[in-house]
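Presented below is the structure to which this report refers.
Taken together, the values in this text are just the output of simple stated rules run on the coordinates, not laboratory data. Fair warning: this is a prediction, and the values are worked out from it, not measured in the lab. Cβ sites come from the backbone with ideal geometry, for glycine too, and all protein chains shown count toward neighbours.
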Amino acid sequence: MSIKENLKNIYSTIPENVTLVAVSKTKPVSDLMEAYNSGQRDFGENKIQEMVEKHGQMPKDIKWHMIGHVQTNKIKYMAPFVNLIHGVDKFKTLKEINKEAKKNDRIINCLLQIKIAEEDSKFGMSADEASQILQSQEFSELKNVCVKGVMGMATFTKDQKQILSEFSYLKTTFDTYKAGISENFKPEILSMGMSDDYPIAITCGSNMVRVGSRIFGERNYSN
Ligand SMILES: *Cc1c(COP(=O)(O)O)cnc(C)c1O
């Protein structure tokens with residue numbers, strides 16, 4: 001099936017309040033343009049360099065999402081244009097994003113990545129750590145970032161019950177944070193769900209899904 005048909009199929013099954021981020025990492029600009037030409041505007045990449053290159057080659061009304069681990073020394077390259085940074089897993093990263101945002105006279109939207117999976121390989125902070133950051137004086141002084149919510153990745157497993165329980169945990173955490181709304185913390189986005197688990201994520205309250213292979217086909221990391 002074509003990229004256009006894949007997108008159409010996904011859009012027909014997700015509610016209107018859910019934002020679909022098309023995860024285009026490793027895919028050529030021609031594939032992204034096919035998605036763009038069928039109306040897709042939110043794109044996700046996991047490497048800053050790759051996102052910067054694609055941003056340079058593509059129409060300027062695209063919203064770029066950084067979904068990967070953020071290397072602090074590369075933030076400056078995406079600071080002028082990035083729409084949302086999903087993978088913030090340390091206060092230090094937030095501070096660095098704030099610095100680069102300020103240089104660009106912008107407020108950059110971020111999500112805190114919470115570790116909900118059992119696997120050690122996944123990045124993210126604990127719900128407690130996130131909560132401590134959000135309540136700290138230091139955080140309230142970061143005027144050029146706005147934390148819009150949280151992001152999480154479930155364990156890579158076929159066990160649907162486990163995935164459901166991990167996503168439910170993140171939804172509960174997100175709901176708890178909502179009480180702490182402030183100048184630079186406006187919790188609206190719950191980013192969870194990928195190609196294999198986005199329907200479960202939506203059931204659990206996700207309003208932003210990050211889907212790659214379901215749209216663009218399997219990735220080939222060897223090229
Ligand atoms: C690659 C990636 C996705 C998309 O994965 P698919 O299984 O291809 O949909 C979503 N989120 C993150 C953080 C990713 O790195």
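Evaluate E = 1/(1 + (r/R0)^6) for GLN135 and SER168, where r is the Cβ-Cβ distance and R0 equals 25 Å; express this FRET efficiency to the nearest 0.05. In this case the efficiency is close to 0.60. Mean residue ellipticity at 222 nm, helices only, the chain: -11000 deg cm²/dmol; runs of at least 4 DSSP H residues each add -39,500 (n - 2.57), and the sum is divided by the number of residues.
Counting only trypsin sites (Lys or Arg not before Pro) that are in a DSSP loop and have at most 13 other C-beta atoms within 10 Å, tell me the longest site-free stretch of the chain. The answer is 61-142.
Over 5 Å intervals from 0, what percent of Cα-Cα pairs in the stretch 1-83 sits in each interval? Taking every Cα pair in the stretch 1-83, the percentages come to 3, 14, 27, 23, 17, 10, 5, 1. With bins 10 Å wide beginning at 0, the percent of Cα pairs of the stretch 1-46 falling in each bin runs 26, 59, 15. Highest GNM mean-square fluctuation among GLU138, GLU45, GLU188, for the chain modelled with Cα contacts below 10 Å: GLU138. Pairs to check: LYS4/LYS102; LYS8/LYS99; LYS4/LYS47; LYS60/LYS90; LYS8/LYS115; LYS25/LYS115. Give those whose C-alpha atoms are more than 28 Å from each other in this structure. Result: LYS4/LYS102; LYS8/LYS99; LYS60/LYS90; LYS8/LYS115 exceed 28 Å. Sorted into 5 angstrom bins from 0, the C-alpha pair distances of the chain split as 1, 7, 15, 19, 20, 17, 12, 6, 2, 0, 0 percent. Where both bridge residues fall in the chain, DSSP classifies roughly 5% of the beta bridges as antiparallel.
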